[in-house]
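Worksheet: the structure to be examined is printed underneath.
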Amino acid sequence: MGGQSSTVITCTISNLLARCKERGYTLDEVRPCIVSEDGDSITVDETHAAYPHVRSGPGAELKSLLKDWLGIESTPTCSCNAMANKMNKLGVEWSESADGLAEILAVMKREHGRRKSILPWSDTAASMLVRLACRRARARLA
């Protein structure tokens, strides 16, 4: 039988939740990598596509900038993770394009409003953060 072999690990659900939070995933996103559950003990396949691997790309860079510079973190109910995943998947070129940037800024502005931030919204500042995230992602690929 050919193909990639799987690597399974056993941990607690709280360990997996911590890994998800650390890497910007929700439990629903990673649930397909769970091979079995026995109470609080679970077995997960680390090679499964749904496993919460460290993400890279402009979305991961933007999330890092928002967290490190402004203390803004994604939550399980926000659309931040889905947008970051889309940015990572479609890459720097899409994220910097007029259509991509408009979509990213729309999500950021909507989340800004939902969080009732004390910081005023600025399309210019948000665009600069997205462009910086893209430069950082491009530099990591070089």
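The values are calculated or read from the model by the stated rules, or taken from the named source; none is laboratory data. Please read all numbers here as calculations on a predicted model, not as lab measurements. Counting neighbours? That spans all protein chains shown, and the Cβs are built from the backbone with ideal geometry, glycine included. When the accessible area is computed, the model is the full protein with side chains, heavy atoms only, and any ligands, DNA or RNA have been set aside. Shrake-Rupley method; radii C 1.70, N 1.55, O 1.52, S 1.80 Å.
Need one word for the stretch 79-129: rounded, prolate or oblate. Basis is the Cα gyration tensor (sqrt eigenvalues a ≥ b ≥ c); a/c below 1.5 gives rounded, then a/b vs b/c decides. Oblate shape, in that a/c is at least 1.5 and b/c is the bigger or equal ratio.
With only Lys, Arg, Asp and Glu charged, each at its Cβ (+1 for the first two, -1 for the last two), find how big the charge dipole of the chain is about the Cα centre; round to the nearest 20 debye.
On the way: 19 positive and 17 negative charges, 125 e Å.
Using Cβ point charges on Lys, Arg, Asp and Glu, the chain gives about 600 debye.
Return the carbon/sulfur percentage of the accessible area of the chain, one whole number, probe 1.4 Å, all protein chains in place. Provide the component values of the computation, followed by the final result.
Details: 4880 of 8760 Å².
Carbon plus sulfur share of accessible area: 56 percent.
Using 1/(1 + (r/R0)^6) with R0 = 35 angstrom and r between the beta carbons of Asp45 and Arg140, what's the FRET efficiency to the nearest 0.05?
0.85
Helical runs assigned H by DSSP (4 residues or longer) give the chain a calculated mean residue ellipticity at 222 nm of -18500 deg cm²/dmol, each run adding -39500 (n - 2.57) before division by the residue total. Potential lengthening of the chain between Ser36 and Ile9 amounts to 8.7 nm, from the contour at 0.36 nm per residue minus the alpha-carbon distance. Which of (i) 25, 18, 15; (ii) 52, 20, 12; (iii) 31, 18, 11 is the computed semi-axes √(5λ) of the Cα gyration tensor in Å for the structure on display? Read-out taken from this structure: (iii). Summarising the label geometry, the points placed 7 Å from Cα in the beta-carbon direction at Ala82 and Leu70 lie 2.0 nm from one another.
Who wins for biggest fluctuation among Gly113, Gly59, Gly100 in a Gaussian network model of the chain, springs between alpha carbons below 10 Å? Of the options given, Gly113 has the highest mean-square fluctuation. With a 1.4 Å probe and all protein chains left in place, how much accessible area per residue does the stretch 10-97 have, in Å²? With all protein chains present, the stretch 10-97 gives 54 Å² per residue. Oblate is the label for the stretch 37-120, because the ratio a/c of its alpha-carbon gyration tensor axes (a ≥ b ≥ c) is 1.5 or higher and a/b is not greater than b/c.
If you keep only loop residues by DSSP, which trypsin sites (Lys or Arg not before Pro) in the stretch 75-142 have at most 11 other Cβ atoms within 10 Å of their Cβ? Don't jump to the answer; show the numbers that get you there.
On the way: sites: Lys86, Lys89, Lys109, Arg110, Arg114, Arg115, Lys116, Arg131, Arg135, Arg136, Arg138, Arg140; in loops: Lys116.
Here the sparse-neighbourhood loop sites are Lys116.
Taking 0.36 nm per residue of sequence separation and removing the Cα-Cα distance, the Met128/Ala18 pair yields an extension gain of 36.6 nm.
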